[in-house]
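The structure under discussion appears below in the form of structure tokens.
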Amino acid sequence: MPRMNASPSEGWSKPRIMRIVVDLPAPFGQDEYVTRALEEGADGFLLKADDPRELLNGVRAVGAGGAYLSPRVAGRVIAGMRAHRAAHPHRSLERLTEREREVLAGLGTGLSNAEIASRLHLVEGTVKAHVSAVLAKLGARNRVEAAISAYEAGLVPRSPR
């Protein structure tokens, strides 16, 4: 993977195949860096201080077309999403079509657009259009936030702990 400027605000460029950010030069206390990286297309976010196995897990997940956040980053993202949802409680799935709910369920299980397209027998471009509609209707800022909505709405089976 080529070396790149890790600061989204400084215009980092994404590698052609995999888009995963590992740590940042700025202190990690700034969650907006994570959000911005994800909004700009990063499919994963890890910290240098994480166990090296996390990097391997992240590269494998992103390489397979999925997404990956290290557990510490995921915890912060989820906390931020919950705070955002608490401030905007009127998000509803009622405005989604049945097909958009199916796509949202796929997002909730972490599927890529290609995987959702395959499961729903659609072309990838149609799935991308549905994902855009879902994000707009839910007021979600990104796929992660939409996935959390799917989970909270019961579209994704809860795994036992």
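The values are calculated or read from the model by the stated rules, or taken from the named source; none is laboratory data. Only a predicted model underlies this, so the values are computations on that prediction, with no experimental measurement involved. Cβ placement follows ideal geometry from the backbone for every residue including glycine, while neighbour counts extend to all protein chains displayed. Just the protein is used for accessible areas: all its heavy atoms, side chains included, with ligands, DNA and RNA removed. Shrake-Rupley method; radii C 1.70, N 1.55, O 1.52, S 1.80 Å.
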**Prompt:** Can you tell me which residue in the range 65-76 is least open to solvent (accessible area, probe 1.4 Å), limited to those that are of a type in the set (Gly, Ala, Ser) and touching a residue at least 24 places away in the same chain (Cβ under 8 Å)?
**Reply:** Ser70
**Message:** Return the residues of the range 104-145 that are small (Gly, Ala, Ser) and farther than 23 Å from Arg60 by Cβ; say none if nothing qualifies.
**Reply:** Ala105, Gly125, Ala129, Ser132, Ala133, Ala136, Gly139, Ala140
**Residue, nearest to Arg143 (Cα to Cα), within the range 46-84, restricted to residues that are in contact with a Gly (Cβ under 8 Å, 6 or more places away or on another chain) and not in a helix (DSSP H, G or I)** = Ala67
**Asked** Given Val144, Val127, which one is in contact with a strand residue (DSSP E or B) (Cβ under 8 Å, 6 or more places away or on another chain), under 22 Å from Glu40 (Cβ atoms) and outside any loop (DSSP other than H, G, I, E, B)?
**Response** Val144
**Fill in**
By residue number, the members of the range 124-140 that are over 16 Å from the mean Cα position of the chain (by Cα) and under 20 Å from Ala64 (Cβ atoms) are Glu124
**Asked** When only residues in the range 110-123 that are surrounded by 17 or more Cβ atoms within 10 Å (Cβ to Cβ) and in a loop (DSSP other than H, G, I, E, B) count, which is modelled with the highest pLDDT?
**Response** Leu122
**Prompt:** Can you find a residue in the range 128-145 that is polar (S, T, N, Q), closer than 20 Å to Arg36 by Cα and open to solvent by 60 Å² or more (accessible area, probe 1.4 Å)?
**Reply:** yes
